[in-house]
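The structure appears below as structure tokens.
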Amino acid sequence: MVSRPNIHVKSKVAVVGAGITLFRRRMLETPRELAWEAARQALDSAGLTLRDIDCVVIGSAPDAFDGVHMKGEYLADGSGGLFKPTVRVYVGGGTGVFVPIAAWWHVASGLCRTVLAVAEEKMSHARPHPQGVFAYIWDPVLERPLGPNLLWIFALEMRRYMHKCNVSKETIALVSVKNKRNALDHPAAQAAANITVEDVLNSEVLVWPVNRLDVSPVSDGAAALVLASENEARRVTDSPVWIEGVGWTLDNTHWYNRELGYPRYVQYAARMAYKMAGIERPWRDIDFAEPYDPFDYKELHHIEGLMLARPCEAPKLLEEGWFDRSGELPTSPSGGLLGVGNPIAAAGLMKAAELFWQLRYEAGARQVKKPVHRGVAQAWGDLMQAGTVVVMGN
Amino acid sequence: MPDGGKKLPGTYLSEKDLRALPGLVEHTPDAKYMFSAGQAQSRFLQGLREGKILGVKCPRCGRVYVPPRSYCEYCFAPTGEWVEVSGEGEVHTAVVSYISTFRERMEKPEIIAVVRLYAPGYTGKRDEYEFPGMFHKLCGVSEEDVKTGRVIGMRVKPKWRPPEERIGSVTDIECFEPVKS
Ligand SMILES: [Zn+2]
């Protein structure tokens, strides 16, 4: 890797504010109200008002979850987007980290000085279960006739990873134990708990090897960030958090034509982000990480894709406590999707917001033990396909 | 977070409250679609009706695509020569599903797999990451075989439906079953 920026930017970009709602199943608030609550809080924390915002970026996963058509337009007013350049971005589960990436390019290009970036998801509208909504992401000709459930592909991938890397279900369950425990300190958390490996193994088997407690919950919620150009950031705060690198890629949807034991889509996105940030040895230069963890094995898979561990090395480091909040390289100190919850796009942005709070030393009881200068957040979407990565530093 | 984590905005409902909610709307969308299988997949489906698994080869890079595509994703060139593969292959990964598409508990679990197909002329040396393969159900193996990992790497072949029952669909293959050696 070469430590030369691969992208030319007009301005450095900082995060100067963040907000979040409760993550819960069945929120009384409408999607727009949730978006507004998070956006308002992010503006307050930046000490800005909507008048100070030039552009708005909205992220939300499939329309089918909220059950309304064209969620970007629908959420625009609640996200502060009226009469401003406003856009919705969407790459499935990768959306939450794609939101700060899209907001970054609005500012880095010189187009906007400030951006309000909002992510919202309300999964609990769907009846009888949001799993039914996922029926429409499969290839209509080659896959749907088999009557698939979305959990199938993750179970297939988890099984492959277990085989390729010789990992037990017990070891993988440690991720769920760690993240749900970390989430006890997160005020938004929906699924925080002190559980044991046995609790995970004894929970309902959905698609073997996936048990109920290997999976993040169905959630509603919203999160928001305020991004600013270098000049604006220095004007509004003494402690801006800089976006040092961004990366995103898509693999194809032919997931049954490739080795499932390693997330190529993450590695390509991570390489792009690290190159931009001038990072040559991520396992040494990154202090903590928020890898995407909708399933427990996914955190390990993604740690390897982010090159924070060698392929098949993450399970051993996990067992040694390397990824604990007090460990060498804390992962998901927020509590992740397994602990805080998984309102899809909002969950990814929650991870980016955690980088901001950790790097400002504002994470309270969640603050990682060692000094932090640089963190990475990552999300993944669709059929083992979309990789989104953001690196931030203080 | 700056407020030290005092109560965040948001109000949530209990199951009981949900049922009593006056704003609850029950709605089944009546949307129907007729999908086109397209250029490459149509021929693939025709092949299945004849009991053959067809793939296509990229003339530039030599990749063999099963299921076939009209273009090579890497070279961005039209794919060329059609090839028939035997359908034999090995299990890349397999799982046992206890839930339906809509997350209901199923009476009889299903075994699902990714099968890496043998394709003559495809060395795979260029990139071990990719292979011709199919996603399908597995039969003739037990839940235990899956859970112990015995099925991974197992040699399997398609179990075809009788010719008169085939309709040109991936379901013309009932499942993949072990090759008895
Ligand atoms: Zn090619």
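The values are calculated or read from the model by the stated rules, or taken from the named source; none is laboratory data. Everything quoted here is computed from the prediction, not taken from an experiment. Neighbour counts run over all protein chains shown; Cβ positions are idealised from the backbone, glycine included. In case anyone asks, the SASA skips ligands and DNA or RNA and just uses the protein heavy atoms, side chains included. Shrake-Rupley method; radii C 1.70, N 1.55, O 1.52, S 1.80 Å.
A few comments on the model shown:
- Test: A:H69 is of a type outside the set (S, T, N, Q) and not in a helix (DSSP H, G or I): yes
Listed here are the residues, each with its yes/no results for (1) open to solvent by 20 Å² or more (accessible area, probe 1.4 Å); (2) in contact with a strand residue (DSSP E or B) (Cβ under 7 Å, 6 or more places away or on another chain).
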site	(1), (2)
B:H136	no, yes
B:V141	yes, yes
B:V146	no, yes
B:P162	yes, no
B:I167	yes, no
B:E177	yes, yes
B:K180	yes, no
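- Check on A:E29, within 14 Å of another protein chain (Cβ to nearest Cβ), among the acidic types (D, E) and either surrounded by fewer than 24 Cβ atoms within 10 Å (Cβ to Cβ) or out of contact with any helix residue (DSSP H, G or I) (no Cβ under 8 Å at 6 or more places or on another chain) (or both): yes
- Matching residues, segment A:134-153, being crowded, with 21+ Cβ neighbours inside 10 Å and more than 9 Å from every other protein chain (Cβ to nearest Cβ): A:W138
- Residue check, B:G124 within 12 Å of chain A (Cβ to nearest Cβ), within 16 Å of the ligand (Cβ to nearest atom) and either at pLDDT 95 or above or farther than 17 Å from A:L156 by Cβ (or both): yes
- Tally, over segment A:249-291, of residues that are under 28 Å from A:V13 (Cα atoms), within 14 Å of chain B (Cβ to nearest Cβ) and open to solvent by less than 20 Å² (accessible area, probe 1.4 Å): 2
- Filter result for A:P282 (closer than 30 Å to A:L150 by Cα, more than 18 Å from the chain's Cα centre (by Cα) and not charged (D, E, K, R)): no
- Selection over segment B:68-109 of residues that are more than 16 Å from the ligand (Cβ to nearest atom), closer than 27 Å to A:L150 by Cα and in contact (Cβ under 8 Å) with a residue 12 or more places away in the chain gives a count of 12.
- The single condition from (1) facing chain A (nearest Cβ under 9 Å); (2) crowded, with 17+ Cβ neighbours inside 10 Å that B:G89 fails is (1).
- Residue satisfying all of: in segment B:53-67; in a strand (DSSP E or B) and open to solvent by 20 Å² or more (accessible area, probe 1.4 Å); nearest to the ligand (Cβ to nearest atom) among these: B:K57
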